[in-house]
Amino acid sequence: MAVSLPPTLGLSSAPDEIQHPHIKFSEWKFKLFRVRSFEKAPAEAQKEKDPCEGKPFLEQSPVVLDKPSDQKPVLTQPALKPHPKFSKKPLDDGKTRDIAIHQANLRHLCRICGNSFKTDEYNRRYPVHGPVDAKTQVLLRKKEKRATSWPDHIARVFRIDVKTDVDSIHPTEFCHNCWSIMHRKFSGAPREVYFPRNATMEWHPHTPSCDICQVAHRGLKRKKHPPNVQLSKKFKTMLDPAKRTRQRKRRIQARITSSRSSSSSSSSSEVMKKIASCSKIHLSTELLAVDFPTHFVKSISCQICEHILADPVETTCKHVFCRICILRCLKVMGSYCPFCRYPCFPTDLESPGKSFLSVLNSLMVKCPAKECSEEVSLEKYNQHISSHKESRETLVHINKGGRPRQHLLSLTRRAQKHRLRELKMQVKAFADKEEGGDVKSVCLTLFLLALRARNEHRQADELEAIMQGRGSGLRPAVCLAIRINTFLSCSQYHKMYRTVKAITGRQIFQPLHALRNAEKVLLPGYHPFEWQPPLQNVSSNTDVGIIDGLSGLSASVDDYPVDTIAKRFRYDAALVSALMDMEEDILEGMRTQDLDDYLNGPFTVVVKESCDGMGDVSEKHGSGPAVPEKAVRFSFTVMRITIAHGSQNVKVFEEAKPNSELCCKPLCLMLADESDHETLTAILSPLIAEREAMKSSELLLEMGGILRTFKFLFRGTGYDEKLVREVEGLEASGSVYICTLCDATRLEASQNLVFHSITRSHTENLERYEVWRSNPYHESVEELRDRVKGVSAKPFIETVPSIDALHCDIGNAAEFYKIFQLEIGEVYKNPNASKEERKRWQATLDKHLRKKMNLKPIMRMNGNFARKLMTKETVEAVCELIPSVERHEALRELMDLYLKMKPVWRSTCPAKECPDSLCQYSFNSQRFAELLSTKFKYRYEGKITNYFHKTLAHVPEIIERDGSIGAWASEGNESGNKLFRRFRKMNARQSKCYEMEDVLKHHWLYTSKYLQKFMNAHNALKNCGFNANSNATLEDPLALEDALESQDSMEF
C-alpha cells in the first residue's frame, strides 16, 4: 500500500518518475480552488482566512482511490500527521519571510536619521558603504581631505561607526538631508538644513513587536501575540519603567513636532521658554539701567529665554545663548540651533569674543531689592547682591562671578584668588581640622579623585607619582629627541619605556602619546599663516601635513603610467614650520644686531634647494624586489635671513654648517629613478608650481607674538651634473656639449682650457627647447642640434648655473685615479695598450694603495675615497711604481697645483678662509692647464673631462657672483642617504606607502633645531651629569637617587 506524504516533507521536489500521481492532482486542485474563490468573492477572500491554511492538505481527505493506467486500483491511506520535529521547516520559512519583509522595509529608511525616503520628492539616496559622489569628491579635493568613502565622513560628522553594520539590522542607504548636513559641514556655505531627531537612530534586530514593520503595515491590524509566560516578574518590572520613559519621550517629541508644524512663531518660542525655565535664575532685560535700542537689547539677550545673557556661549552658526538654555534645548528638541536650525552639538559651543564679554559685563543693572535703588555693573552684581542677606529672592548666581567662560588658568593670579576665595577658605578650614593644616595634600587629593572619577587614569597616575615624590621624568621633547637621534621605532621605544618604569619604579621617559603631541608642533601643518597676495593654484588651508606626491597628477588613460610612491610636504607649509623651528635663533639674531624685537620686516629668506638620487635602496636581506628599487629626495636648506633696516639689509641668521645633514630638511621622497624624466616631471611639477607662486607673494606669520612679513629667494644649486642635465633638458654627460654653464663643445674646451664664461640660463634653455620642438628654420638634425646647443627636452626646474663642490671632487679624483693607472703603464710611450694590460695596471695600483695608504678598492668613486686619494702621500706612493723621474716631477706638480686650487671651491667663504689661494687661482689654473696640454697630452689631446673644464674655466666667475661654491653644494643632501636607509629600517612596515610617510616625518624631526638643542643639552648632561653628583654620600639619599635617575635615562 503506497502512503502519500505531505509536500511539506520535501517530496514535492522529487523527480516526476517517482512522484505519486495524487500529489500532482492535489496541487492543481488547490490552485484551482484558490483561483475560483478569488473570482467569486475577492473581498471575502481578504476578510476570511482558509481554515485549512497552515495544515497539510492531504490531512483533510479521506481514503482516495488511485487508478493508474496499468495497475489495479490501490487504496491510499490518509496522510499521517507529521511529528513536531519535522514541522520546524514551515516555522523557519515564516521567520525567513518576516526577516525579508523587515529588510525590505529597511530599504526605505535612512541609516542615520531613520526618515523615509518617500518624504523626498526626488527620491535621492546615497549608499552608506559606497564611495562619495562626484560633487562631494570635488569639494573634498578642494579641502584636501583624504577620506573618499562615506563611512569615514559619517563617523566624523555624526559619530556613527557604520563599518560594522549588518544588512538585516541596519539600512544600507541614507537620505539627502543627512547628505546636506555633511556637505554643509565640509563646505562652510550657509544652508538651512536641520537634523530631525535628538540623536542618531539606533537600530535593533527584528522582533515580533518590531516598530519598523508595524509602521510599514500602515494601520493594518497585526496578529496579537500571546503574552510570554516565561518572563519572570522581576524582568517585567525592569521593562515597565523603560517603557514608560520611552512613551514620555515620544509624547514630548510629538509635542515639539506639533509646535514645529505650527505656523505661529510665538508658540515655538513659548515652548523653548518652558524648556529653559530659567526665569528664577536669569535677570530680565527690564532691569537694565539704560534704555538701550531694541536691536542692542536683542544682541545682549538670550534668544531662547530673552533674559540677559548668563554664561553666554556661541554656536557654530554665530548665535549666542545662555549655556543652561541651549543645553536644555539641545537635549529636548534635537541637535540643531533653535534659531536657524543649523546642526549644533554641545561640543561645538564656544565662548564669545573677549570684547563682547567686556561690553556685557560693563552693563549697568538695577538692584531688584525693594529697599535698594543702586545701579551696579553686571560684573559686580553678585558681590552687591550678597550684601542683602535678608533678601533671599535676589541672591541669584549669574555669569559665574561676572567673567563667563574664562578658564581659571587664563586669569591673573589676583583674579584667581578672588574667584576661589570662598572655596579656599573652606579647604583651609577642613585642612586645619583634619590634616593638620596641609592644604596642598587636600587639594591634590581632590584633583586626584576628580581624575579617577572621569576615568582619566593616565593623568591620575602622573599626579600620584608627583605626590609620592617620584617626579614626572624627562620632558616629552627630550624623549622625542632621544628617540629620533637613536633611531628607535615606536615599539622599541615603548619597550624601553616599560622596562625603565618597571626597573626604577619611576616614569622617567614619557609614553608614546606624549611624544606624538610633541611631534605635531614640529611638523608642517601646525602653525597658521597667510600669503599676500594669495598663492595661485595653491589651497589657502594651512593644516596640511604629509600629502601624496602624485596628488596633482590627473589620472587619464592617455597619460604616462606613473608606478611609484611619493610623499611630500606642501612647500609653503614646510617653510613656515622651518621658520618657526628657528624662531629663537631669529629673535636672538635681532637682539645681537641691536634691533628691536617688534620689527615686523620684511625679512628676506634665502633657500638652497637640493635634489639627488639615492641609488638602490632596496632591502638587503633577500626579500627585496627583483629589480633595484631606486629613490629620489628633494630637500631645502635655509641659508640666511636678513631684515630691511633703514637703507641696508641686516643679517639676523646664517647657517653655520650649510652642508650638514642636520640642516637639510626633506621636502619630497619618492621611489623612482632619477633618469625617468616623465616620472620626475609628474612628481616635482606641483612642487615647482608652489615655489613659483611663492616668489611673487609675501608670507604673513606670527612670530614672537608679532605678525611679521617674509619674502623668499630660491637658489637651485644642490644638483649634480646628471640631474642638472635632466631637469634643464640637456643631453647626457657624454654629449658633444660638455658644459652645463657654457656652450663650449668638448673640442673647443680642450683647445681653450681656461678662458670661458657662463652663458647658459633657464630662460635661454626654454627658448632653445621651443626652437628644437618647432624647427622654425626647417634645418637638418645636425644643424638644429648645433643651434640649440644640446637642448633636447623641456626644462622644468630652474637651476642656478654653478658647480657642485662634492661632485667636482669626486669627478676630479676619478680622473686622477685614471692618470695614475696610465702613468704606471707608461702610456706616454705606448699609447696602444691592450685591455688586459690596462686591467693589470689597475690591479697593481689598487694593491699598492691598499698596502701603502690603506685604501680598499671600490667599484665606484665616492667622497671619502676621493678625499683620501687626493693627497701628496698618495702621489709619493704611486711614484714608487713609475720608473721615470721626470714623470714623478710632473705628477707631484699636478697634484700640488690641484691641492692649492681645491680650497677655493670647497670653503664656505673663500675670501675669509683662503684669500691667498683665491688670489693665485688664475695663475694656478693656467699652469694646471699647461701641464695637461704638454706632459699629459696623450690623455687630453682633443678632449677633456666635464669637471676639469668647470674647475679651470668657471670657478673664479662663480666665486665673484655668489661669494662661495662650497656653501651651496649638495653635500647635506648626499649625507642624508644613509639617514634614509636607517629610518626605513626603523619604520619597516608591510605597506610602503605608510613606510614612506614615517621616513619623511622622522627625517624632518631629525633636522629640527629645537630637538637638536635638547639633544645637545642631554649629551652634555650625559657627559658630566653623573660626575656632578658623585660627591653625594649615603647621608644624602635624595641626591644619590636623582643621580641614579638621570643615569638610568642616559643608559637607555
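The values are calculated or read from the model by the stated rules, or taken from the named source; none is laboratory data. All of these numbers come straight from a predicted model, not from anything done at the bench. Positions of Cβ are generated from backbone atoms using ideal geometry, with glycine treated the same way; all protein chains shown enter the neighbour counts. When the accessible area is computed, the model is the full protein with side chains, heavy atoms only, and any ligands, DNA or RNA have been set aside. Shrake-Rupley method; radii C 1.70, N 1.55, O 1.52, S 1.80 Å.
Values as computed for the structure displayed
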| read-out | value |
| --- | --- |
| Complete set of residues in the range 663-696 that are surrounded by fewer than 18 Cβ atoms within 10 Å (Cβ to Cβ) and over 24 Å from Pro801 (Cα atoms) | none |
| Members of the range 569-593 found to be open to solvent by less than 10 Å² (accessible area, probe 1.4 Å) and within 19 Å of the chain's Cα centre (by Cα), listed by number | Phe569, Arg570, Tyr571, Asp572, Ala573, Ala574, Leu575, Val576, Ser577, Ala578 |
| Matching residues, the range 594-609, being over 14 Å from Phe710 (Cβ atoms) and surrounded by fewer than 19 Cβ atoms within 10 Å (Cβ to Cβ) | Asp594, Leu595, Asp596, Asp597, Tyr598 |
| Residue pairs meeting the criteria (Cβ under 7 Å; at least 6 apart or on separate chains; first part of a loop (DSSP other than H, G, I, E, B), in the range 433-445; second of a type in the set (Ser, Thr, Tyr) and open to solvent by less than 100 Å² (accessible area, probe 1.4 Å)) | Glu435/Ser441 |
| Selected residue (only one of Glu748, Glu798, Glu770 is of a type outside the set (Lys, Arg) and exposed (fewer than 15 other Cβ atoms within 10 Å of the Cβ)) | Glu770 |
| Qualifying residues in the range 533-549 (those that are surrounded by 12 or more Cβ atoms within 10 Å (Cβ to Cβ) and of a type in the set (S, T, N, Q)) - the one nearest to Thr564 (Cα to Cα) | Ser539 |
| In the range 641-650, residue farthest from Arg568 (Cα to Cα) [restricted to those that are assigned to a strand (DSSP E or B) and open to solvent by 90 Å² or more (accessible area, probe 1.4 Å)] | Gln648 |
| Residue match in the range 707-723 (condition: open to solvent by 30 Å² or more (accessible area, probe 1.4 Å) and farther than 30 Å from Leu599 by Cβ) | yes |
| Test: Glu702 is under 26 Å from Gly545 (Cβ atoms), at pLDDT 90 or above and open to solvent by 20 Å² or more (accessible area, probe 1.4 Å) | yes |
| Qualifying position, being in contact with a Lys or Arg (Cβ under 7 Å, 6 or more places away or on another chain) and at pLDDT 90 or above, among Arg850, Arg838, Arg787 | Arg850 |
| First in the range 723-745 and within 18 Å of Asp804 (Cα to Cα) and without any contact (Cβ under 8 Å) to a residue 40 or more places away in the chain, second anywhere and in a loop (DSSP other than H, G, I, E, B) and open to solvent by less than 40 Å² (accessible area, probe 1.4 Å), Cβ under 9 Å, 6 or more apart | Arg725/Glu731; Arg725/Ser735; Arg725/Thr740; Arg725/Gly790 |
| Exclusive hit being assigned to a loop (DSSP other than H, G, I, E, B) and at pLDDT 90 or above, set Ile882, Ile810, Ile858 | Ile882 |
| Test: residue in the range 305-312 that is touching a strand residue (DSSP E or B) at 6+ places or on another chain (Cβ under 6 Å), under 15 Å from Asp348 (Cα atoms) and at pLDDT 85 or above | yes |
| Search result, residues across the range 664-683 that are assigned to a loop (DSSP other than H, G, I, E, B) and more than 23 Å from the chain's Cα centre (by Cα) | Asp673, Glu674, Ser675, Asp676 |
| Positions within the range 293-334 being among the aromatic types (Phe, Trp, Tyr) and open to solvent by 10 Å² or more (accessible area, probe 1.4 Å), in sequence order | Phe296 |
| Within the range 285-312, tally of residues that are part of a helix (DSSP H, G or I) and touching a residue at least 60 places away in the same chain (Cβ under 8 Å) | 1 |
| Residues satisfying the stated conditions in the range 732-745, i.e. part of a strand (DSSP E or B) and crowded, with 19+ Cβ neighbours inside 10 Å | Tyr737 |
| The range 956-989, subset of a type in the set (Ser, Thr, Tyr) and within 36 Å of the chain's Cα centre (by Cα), residue modelled with the highest pLDDT | Ser970 |
| Among residues of the range 585-626, those that are of a type in the set (Asp, Glu) and at pLDDT 90 or above, counted | 3 |
| Residue, surrounded by the most Cβ atoms within 10 Å (Cβ to Cβ), within the range 335-353, restricted to residues that are touching a residue at least 40 places away in the same chain (Cβ under 8 Å) and of a type in the set (Phe, Trp, Tyr) | Tyr336 |
| Odd one out for Ala833 among (1) in a helix (DSSP H, G or I); (2) without any contact (Cβ under 8 Å) to a residue 60 or more places away in the chain; (3) among the small types (Gly, Ala, Ser) | (1) |
| Members of the range 354-372 that are open to solvent by 40 Å² or more (accessible area, probe 1.4 Å) and modelled with pLDDT of 80 or more | Lys354, Ser355, Phe356, Ser358, Val359, Ser362, Met364, Lys366, Pro368 |
| Matching residues, the range 148-177, being of a type in the set (D, E, K, R) and at negative phi | Asp152, Arg156, Asp161, Lys163, Asp165, Asp167, Glu173 |
| Within the range 482-498, considering residues that are open to solvent by less than 60 Å² (accessible area, probe 1.4 Å), among the hydroxyl-bearing types (Ser, Thr, Tyr) and more than 21 Å from the chain's Cα centre (by Cα), the one nearest to Lys985 (Cα to Cα) | Tyr493 |
| Those residues of the range 381-400 which are at negative phi, of a type outside the set (Val, Ile, Thr) and either at pLDDT below 50 or exposed (fewer than 14 other Cβ atoms within 10 Å of the Cβ) (or both), in sequence order | Gln383, Ser386, Ser387, Lys389, Glu390, Ser391, Arg392, Glu393, Leu395, His397 |
| Filtered residue count, the range 836-851, keeping only those that are touching a residue at least 24 places away in the same chain (Cβ under 8 Å) and within 54 Å of the chain's Cα centre (by Cα) | 2 |
| Leading residue by the ranking (least open to solvent (accessible area, probe 1.4 Å)) among those in the range 751-763 that are more than 18 Å from Glu721 (Cβ to Cβ) and not in a loop (DSSP other than H, G, I, E, B) | Thr763 |
